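This report concerns only the one structure given below.
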Amino acid sequence: MLMPVISQQARAEEGDPDILNLPPWSKMLGKSVASPSYGQPSKYEANIQRRQSPGLTQTDQASVSFSPLQGMFGMITASGLHFERHHQGWVDVDPRRHRLMINGLVNSPKVFTMEDLMRLPSVSRIHFIECGANTGMEWGNAAVPTVQYTHGMLSCSEFTGVPLSLLLEMAGYDKAKAKYILAEGADGSAMTRTIDLERALDDVIVAYGMNGEMLRPENGYPLRLVVPGVQGVSSVKWLRRIEVGDQPYATKDEAIHYIDLMPDGQHRQYTSIQEAKSVITNPSGGQRLMSQGFYNVTGLAWSGRGTVKKVDVSFDGGRNWYTANLEGAVLPKALTRFNIGWVWDGKPAILQSRVTDSTGYVQPMKRQLKEVRGSRSVYHNNAIQSWRVNESGEVENVQTA
Amino acid sequence: MLMPVISQQARAEEGDPDILNLPPWSKMLGKSVASPSYGQPSKYEANIQRRQSPGLTQTDQASVSFSPLQGMFGMITASGLHFERHHQGWVDVDPRRHRLMINGLVNSPKVFTMEDLMRLPSVSRIHFIECGANTGMEWGNAAVPTVQYTHGMLSCSEFTGVPLSLLLEMAGYDKAKAKYILAEGADGSAMTRTIDLERALDDVIVAYGMNGEMLRPENGYPLRLVVPGVQGVSSVKWLRRIEVGDQPYATKDEAIHYIDLMPDGQHRQYTSIQEAKSVITNPSGGQRLMSQGFYNVTGLAWSGRGTVKKVDVSFDGGRNWYTANLEGAVLPKALTRFNIGWVWDGKPAILQSRVTDSTGYVQPMKRQLKEVRGSRSVYHNNAIQSWRVNESGEVENVQTA
Amino acid sequence: DTEAPLNSVSSPWQSSYESVGRSATPAEIASWDIDVRPDFTGLPAGSGSVEDGESLWMERCASCHGDFADSNKFFSPLVSGNITEADIAAGHVASLNDSTRVRTTLMKVATVSTLWDYINRAMPWNAPKTLSSDEVYSLVAYLLSLAYIVDYDFVLSNENIAEVQALLPNRNGMTQEHGLWKVDGLADVNNTDCMNNCEQAVKVESFIPDFARNAHGNLQQQMRVFDPFQGIDTTQSKGA
Amino acid sequence: DTEAPLNSVSSPWQSSYESVGRSATPAEIASWDIDVRPDFTGLPAGSGSVEDGESLWMERCASCHGDFADSNKFFSPLVSGNITEADIAAGHVASLNDSTRVRTTLMKVATVSTLWDYINRAMPWNAPKTLSSDEVYSLVAYLLSLAYIVDYDFVLSNENIAEVQALLPNRNGMTQEHGLWKVDGLADVNNTDCMNNCEQAVKVESFIPDFARNAHGNLQQQMRVFDPFQGIDTTQSKGA
Ligand code: HEC
Ligand code: HEC
Ligand SMILES: [Ca+2]
Ligand SMILES: [Ca+2]
Ligand SMILES: [Ca+2]
Ligand SMILES: [Ca+2]
Ligand SMILES: [Ca+2]
Ligand SMILES: [Ca+2]
Ligand SMILES: [Co+2]
Ligand SMILES: [Co+2]
């Protein structure tokens, strides 16, 4: 049985008691400004928070908290809901003691304080960060119940900081020999990742600002790298050092993890780009359509290679597709919100979204991905997601053949 | 005497103790993910918060808290730092009991629950909200010490919601007679404002989402109007009702306040547009340049009539001007971050910024504004702001002749 | 102007949203449709005397606005004697031009409906929407009497309110002749984007007064603890 | 590709930022430049025996990784016996192809520098950067011995580590032949944007197992309390 929606409950003869009797907030003096001086969400939003997936990791410090995509809007991620992936916990760095070093194949190795970095020319740009392992639990089968767990290692923020290219120029990197950089964190894990020099000189930001304020501690306060379009682990948090080199570094998180086991038993190493991907966030797994009729179906699309060109949505498991609206400014390597209208007729339906990016790449079906990459990868699962609506309106995570 | 910058302190012979001796966070296991499950700023950011201006208002509930622009980045305002202006305090509305009514010159007056509204086609767009009284304390003289108080009734967020035009269509507004709408809040003040129908059908949003999550209670949870480009008071919070009419309503905050006293003793009524304006946020009043040399000078520009075309910056009180960088996507009726490099030579300097918008309008000097509007207005002060750097590096709020 | 709120899309369901929401009932509209326009559309029938208004005022309003509505403890004065008979005749309050005088509510307001509407929807501040229509009439009447617009024995009602409007001291004090209402309205102030040798002599004409230096608290505590631009310790005097 | 990070600007000071920051001293670089590359650049001279590694392991590592590095209490096993002599000869671990087997660190790692570098920078997990170089050598030696790559009497040093690299079981197990490194690399999977009659028979092949329905907690408490799409009470069985 469908539960009645509130608007139907409210259809009393004379009218809705919540209209006929004024609510208390219409008849009282409200609260003061600047209380709190740093604002917080409404108490009615407590269900919308970051969560771990039980059983995914053995510890809480080398773990993931997922963003509640089912409760989010637009393309910007509220910083309080930004997903987390730490390998050795998050640390509360004193910004007055934090330093950035540039060394290696440079004319003049350099040290910067935070004050130094904030004196330098800065840029502000909106980019997504997606963990390479996002949707990794779904390589084999439908495994987790909601979009928070299937796709929630994903966020999008406005970052402000110094272009890495500028710092490399200032240190005088060796234009003949330099081919790679190593980025290193100041936390216990001293997280390290190799980045191609060409990319490092392109749109990489040494960022201190996020969504109008300083980075949050869990997101690398006071300094992180932002490597747009690339799996999140490259956007090293609590960044303390950049080394310029002529060979890749094969550090733990690019030589033991973040490698993709192919059907022939070889591992692909240095798979970095987050290819075009999209997901319907509402309705999605664990939700229930409360009645038949019109719904705004909404979701997110993005591409590590450029901009979103188009998002198509299917309601019959991929047989027929309709092109959705793209909202607001469609920006490179940023999330793009899409919306499309749909009328649910009470019959089972399978909802899917499929993005095409500015390179012409079309988001693959799961079977196409498996044909090439097999089923034992963990990373880079950008397959089309299916949500099945059953007769009772319940939405489930499924995979189609 | 100039205080030494930290990077100079750190120039010990062998090196900086904060590099030679690893900091504690490099040698420990950090904290768990999802603790807290809703993230918060670093404890080192406690100075960056919303504040009242003492003496501006007699009560804390009919008052203003200003955004700390001097500590912010990019164009997005972190929702925790969004400025507040309430007339009767902020209220904690239960979203399950909140309703929106559309009445007046319509075929079919309507009632919507939050569920209803969230079923409808939605848009997501980034817009600024500026109080009409922003910089009002500065009409006469330089009065307040920092950019938080001169310009901090200003914010910019990504809003998600239903286009008002859609709701008006659904109610079947009278196309022959309708000329205005009235928007009304559900708080104690039942804030009301008249909006031109042409504008109401243009880009006005009945918004529930802000920066990826629901509106904050202080910003109208669960529903507010967003009227892009227009003084903030029109973006009615805790929105409960829209009435379609054929005459303006002359409610208290458009007939007794938000009116502009002209030199001839007449008040301009229904002055609504926030014309093009810009301000340098760093360096700004109350700050001190710690040493001579290069600085990134940064600020914000916006226009209620369209997009920012160009921002020029002067370091000599308006004699000579240099065109600044515009960061990221330059969006209509949104804040635009600008940056420009500058070398401080230790001599007094007067810094100014001046925006030109897409209509060709150039932000006026204070004396140009006063020539037309006199000096007894409160609202719509979009004059060029001057910050004077003295020999000791201190930055002061001044006005030039 | 900017971007169309909805793109053209290919979904056949796109505009099938008419069924969402429901019709408002007459009782619901009556409960919420409280606005009163300058032409008195929306004004409920009723009446109230200055005398009743005065006692109600003392009970429910005076604590914040003062016995004669002239306090600025909670808010700027509503009434304060700057209105002359000549103003009432002209429909324009001359003392608004006098920058030494406080500008009260009754000096500015051009439409009596505004007072009725606002008191009805929002006052008393700490218990809004608790007044009956007759009480609102009487309170408006009392305020009008304090500003010598009506006499002490006046009874305001829906029948005579238009006559009162014709006496409102600043009824002709508003202009809508400006370019700030419509998106395509004409700007009234102009500047040019001169780039070189623009100002001949740059002179500072206004500084923050010294007493105001620390009036917002110690500015050092309002700036980031690390920053190329550090906060000034305003508990110390200038240049220290 | 996208937008140039800096626009062209007219300020004569734009590129005068060279003075910001300062040169790093040799001691500072020595303190932080700890990375060790596959070609052993960055590897400090030193040595450590399997025997020393074993006792150090018991003291500082075994509590989390197990006495034989085969525990998955804190992390997946580092070593677990899936490596054969044929693998060591081929430089490729065949059991990686066997989906029933757990994939351990020593099965995957292709560069011995990776182990040295990581243990040195990050282990023990709760006290990183507290091991001496010789201790790191001995711990790497112990792990190699557990995987039967070196004997129990082996002493690993900067001098013989290249020989050990030549024995690493999965040393040929990595490929960089793919389009996911460079921005303009070629995609390996293709789809088309077919719009109509694309899939002939749509079949669901995988559902969330029933036992997993409530495994993430009650989903009703993970959705907004008001929403067109309300959270399912997963403490109740399906369709209830
Ligand atoms: C607890 C304090 C308090 C009480 C009691 C109170 N008021 Fe007010 N009143 C205020 C405040 C504060 C404002 C300004 C609200 C704002 O900023 O929008 C105000 C505003 C007004 C205004 C609008 C003035 C203007 O220029 O905007 C009128 C008229 C008014 N009050 C009348 C009344 C009447 C009539 C009563 C009694 C029925 C009353 N007030 C009771 C505090 C009070
Ligand atoms: C308190 C628990 C703990 C202790 C003690 C500990 N480890 Fe670990 N170790 C971990 C965890 C957790 C990880 C995974 C970290 C991550 O996810 O990045 C790990 C990862 C590793 C890895 C990388 C494995 C891979 O496949 O990524 C190696 C090698 C390792 N540890 C060796 C050691 C050595 C050697 C010691 C002792 C000096 C040690 N560990 C002590 C918990 C511990
Ligand atoms: Ca890992
Ligand atoms: Ca659009
Ligand atoms: Ca006011
Ligand atoms: Ca730019
Ligand atoms: Ca009405
Ligand atoms: Ca190195
Ligand atoms: Co990751
Ligand atoms: Co305001």
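Identify the residue in region A:299-313 that is facing another protein chain (nearest Cβ under 9 Å) and under 16 Å from the mean Cα position of the chain (by Cα) and, among all such residues, is surrounded by the most Cβ atoms within 10 Å (Cβ to Cβ). Walk me through how you get there before you give the answer.
Taking region A:299-313 first, the residues facing another protein chain (nearest Cβ under 9 Å) are A:304-307, A:310, A:312-313.
From what's left, under 16 Å from the mean Cα position of the chain (by Cα): A:304-307.
On the way: A:Gly304: 25, A:Arg305: 22, A:Gly306: 18, A:Thr307: 19.
If we take residues in region A:299-313 being facing another protein chain (nearest Cβ under 9 Å) and under 16 Å from the mean Cα position of the chain (by Cα), then A:Gly304 is surrounded by the most Cβ atoms within 10 Å (Cβ to Cβ).
Scan region A:182-200 for residues that are closer than 25 Å to D:Gln176 by Cα, more than 8 Å from chain D (Cβ to nearest Cβ) and in contact with a Pro (Cβ under 8 Å, 6 or more places away or on another chain) and the total you get is 1. Annotation: of all residues in region B:373-382 being at the interface with chain C (Cβ under 9 Å from one of its Cβ atoms) and modelled with pLDDT of 95 or more, the one that is farthest from C:Phe229 (Cα to Cα) is B:Arg373.
Please verify whether A:Ser165 is within 30 Å of B:Leu335 (Cβ to Cβ) and out of contact with any His (no Cβ under 8 Å at 6 or more places or on another chain), treating the condition exactly as stated.
When the stated conditions are applied, A:Ser165 passes them.
From the list C:Glu135, C:Glu163, C:Glu159, the one residue that fits, being surrounded by fewer than 23 Cβ atoms within 10 Å (Cβ to Cβ), within 30 Å of B:Asp60 (Cβ to Cβ) and away from chain B (no Cβ under 11 Å), is C:Glu135.
On the basis of being in contact (Cβ under 8 Å) with a residue 24 or more places away in the chain, at the interface with chain B (Cβ under 8 Å from one of its Cβ atoms) and more than 18 Å from the chain's Cα centre (by Cα), does A:Pro109 make the cut? The answer is no for A:Pro109. Here region B:314-369 is the region considered, the condition is being acidic (Asp, Glu) and assigned to a loop (DSSP other than H, G, I, E, B), and the residue that is nearest to the other protein chains (Cβ to nearest Cβ) is B:Glu327. Of the residues making up region A:45-77, those that are farther than 19 Å from D:Gln221 by Cβ and within 15 Å of the chain's Cα centre (by Cα) are A:Val64, A:Phe73, A:Gly74, A:Met75, A:Ile76, A:Thr77. Within the span defined as region D:45-59, one or more residues are surrounded by fewer than 18 Cβ atoms within 10 Å (Cβ to Cβ), away from chain B (no Cβ under 14 Å), over 24 Å from the mean Cα position of the chain (by Cα) and under 30 Å from A:Arg99 (Cβ atoms).
When B:Gly220 is tested against (1) assigned by TED's automatic domain parsing to the domain that holds B:Asp174; (2) at negative phi; (3) buried (at least 22 other Cβ atoms within 10 Å of the Cβ), exactly one condition is not met: (2).
Against the numbered list (1) within 30 Å of B:Pro23 (Cβ to Cβ); (2) free of Cβ contacts under 8 Å to residues at least 60 places away in the same chain, D:Asn82 comes up short only at (1).
Counting the residues of region C:97-119 that are surrounded by fewer than 20 Cβ atoms within 10 Å (Cβ to Cβ) and of a type in the set (A, V, I, L, M, F, W, C) gives 1. Listed residues D:Tyr152, D:Tyr137, D:Tyr148, D:Tyr118; which is assigned to a helix (DSSP H, G or I), touching a residue at least 60 places away in the same chain (Cβ under 8 Å) and farther than 25 Å from A:Thr281 by Cα? None of the others qualify; the one that does is D:Tyr137. Residues that are facing chain C (nearest Cβ under 7 Å) and surrounded by fewer than 24 Cβ atoms within 10 Å (Cβ to Cβ) were ranked within region B:145-181; the one that is nearest to B:Arg50 (Cα to Cα) is B:Pro163.
Filter region C:120-132 down to residues that are at the interface with chain B (Cβ under 10 Å from one of its Cβ atoms) and small (Gly, Ala, Ser) and give me whichever is surrounded by the most Cβ atoms within 10 Å (Cβ to Cβ). So, considering only residues that are at the interface with chain B (Cβ under 10 Å from one of its Cβ atoms) and small (Gly, Ala, Ser), the one surrounded by the most Cβ atoms within 10 Å (Cβ to Cβ) is C:Ala122. Here D:Phe75 meets the list (1) within 14 Å of chain A (Cβ to nearest Cβ); (2) more than 16 Å from ligand 9 (Cβ to nearest atom); (3) aromatic (Phe, Trp, Tyr) almost entirely, failing just condition (2).
The residue that is farthest from A:Tyr379 (Cα to Cα), among those in region A:275-297 that are under 23 Å from the mean Cα position of the chain (by Cα) and free of Cβ contacts under 8 Å to residues at least 60 places away in the same chain, is A:Asn296. The set of residues in region B:224-252 being out of contact with any Lys or Arg (no Cβ under 8 Å at 6 or more places or on another chain), more than 11 Å from chain C (Cβ to nearest Cβ) and part of a loop (DSSP other than H, G, I, E, B) is empty.
Go through A:Gln287, A:Gln247, A:Gln231, A:Gln274 for me and flag whichever is modelled with pLDDT of 95 or more, surrounded by fewer than 23 Cβ atoms within 10 Å (Cβ to Cβ) and away from ligand 7 (no atom under 16 Å from the Cβ).
A:Gln247
Residues that are within 30 Å of B:Thr336 (Cβ to Cβ) and either at the interface with chain A (Cβ under 7 Å from one of its Cβ atoms) or surrounded by fewer than 24 Cβ atoms within 10 Å (Cβ to Cβ) (or both) within region B:115-129 comprise B:Pro121, B:Ser122, B:Val123, B:Ser124, B:Arg125, B:Ile126, listed in sequence order.
Looking at A:Thr251, is it within 16 Å of ligand 9 (Cβ to nearest atom) and more than 25 Å from A:Glu371 (Cα to Cα)? When the stated conditions are applied, A:Thr251 passes them.
The values are calculated or read from the model by the stated rules, or taken from the named source; none is laboratory data. A quick note: this is a predicted structure, and the numbers were derived from the prediction, not measured. Every residue, glycine among them, receives a Cβ derived from its backbone with ideal geometry; neighbour counts consider all protein chains shown.
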